[in-house]
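Heads up, the thing below is written out as structure tokens.
Just so it is clear, none of the values below were taken in a lab; they were calculated from the coordinates. Here the structure is a predicted model, which means the values were calculated and not measured. We place every Cβ from the backbone using ideal geometry, glycine too, and count neighbours over all the protein chains shown.
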Amino acid sequence: MKQIMILTAAVLLLLPLYANAQPEVPIEEWTGKTILLVGAHPDDDAGRHGTLAMLQENGNDVYIMLLTNGNVGTRDRKMTRQRLEKIRRHEQLNAMNHIGLPAENYINLGYTDGMVEFADKEELVKRMVWWYRKLQPDVLIAFEPGYRYQRWHKADHRAAAYLAVDAARAAEWHLIFPEHLHQEGLEPVRINEYMFWGSEGNNMTVDISDYREQKIQSRMAYLSQFSETGRSNYPGNSEDYFMTLDDLPAEERRAYMDRFRNSTGDTESFRYYRGAPDGVGSGPALGQREY
């Protein structure tokens, strides 16, 4: 009996913390918010396109910031970095169009694919902070940096996971990069809501069934990355030629379309966190602190 009473008391004490792990307003009802997704490469955002489409349609301003231009991800020995950069930008804007995001909501910092960890971190964070302060986002969506452990990601993803939160912390303090305020008229921003993907601590499931078709179409836009032909033998020689589904051999095209229809579900999952950026690694629900 005593053990039951202790367990009951512990649950009652922890309930407020678990409640704090959910948005005060369900995400399906969000409107008027500014949402910023930070990733490493064109296509990193693709798995979240259902949620982004819903948020945009519901009257939120959704922006995508990617750190690299994706100019390395190919097995085509004829491809150049310059041409691949153009292709990846075209694919990203095409995908965003399918989910209702305008081209002006795309921010690319232009770093070389695979080299983010070797970039000047202060300069990179400074550039990210500039955009955070300019956009004043209410919600940051990013790779899971890990909670109570260090989350493993491949190189650029690993860097993007940590940099997204590092920049959020820096953006709120006026004495960090003060020239943004004094020379450009920007203001600090406190980002108090976070949604992380790729987490084992997911605590938010978003119903995207109404946006599933848009997500399928947007995911299929990344032909240079997700199709065998695009990845290994990108068609055409012109710098300004961008392949379409019609460039795939008939059998590959059918398999490509079936793959995305079969792999795109009706939900997307995140770890939601509300509180100071300092505490994003303290757990999916416990240890969060608010401003």
Problem set entry | Computed FRET value (nearest 0.05) for T244 with E117, which takes r as the C-beta separation and R₀ as 35 Å | 0.55
Seminar exercise, completed: Sorted by chain and then number, the residues having a modelled amide H within less than 5 Å of the amide H of F143, at least 5 places away or on another chain, are W197
Exercise. If you average over every viewing direction, what projected area does the convex hull of the Cα atoms of segment 158-209 give, in nm²?
Worked result: 5.5
Seminar exercise, completed: Two pseudo-spin positions, 7 Å from Cα along C-beta at T205 and at Q22, lie apart in nanometres by 1.3
Seminar exercise, completed: Here P(r) for segment 9-128, Cα-Cα distances in 5 Å bins, as whole percents, is 2, 10, 17, 17, 15, 13, 10, 7, 4, 3, 1, 1, 0, 0
Problem set entry | Where the Cα pairs of segment 132-267 fall when distances are cut into 10 Å bins, in % | 10, 24, 28, 24, 13, 2
Problem set entry | Which of A255, T244, H182, positive extreme of dipole for the chain (C-beta unit charges) | A255
For this session: Could you please state, rounded to a whole Å, how far the C-alpha centre of segment 109-141 is from the C-alpha centre of segment 194-239?
Result: 22
Problem set entry | Reference-scaled alpha-carbon Rg (2.2 N^0.38 Å with N residues) for segment 26-274 | 1.02
Problem set entry | Mean ellipticity per residue at 222 nm, deg cm²/dmol - from DSSP H runs of n ≥ 4 across the chain, formula -39500 (n - 2.57) | -12000 deg cm²/dmol
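Just the number, please: percent antiparallel of the DSSP beta bridges in the chain, rounded to the nearest 5.
30
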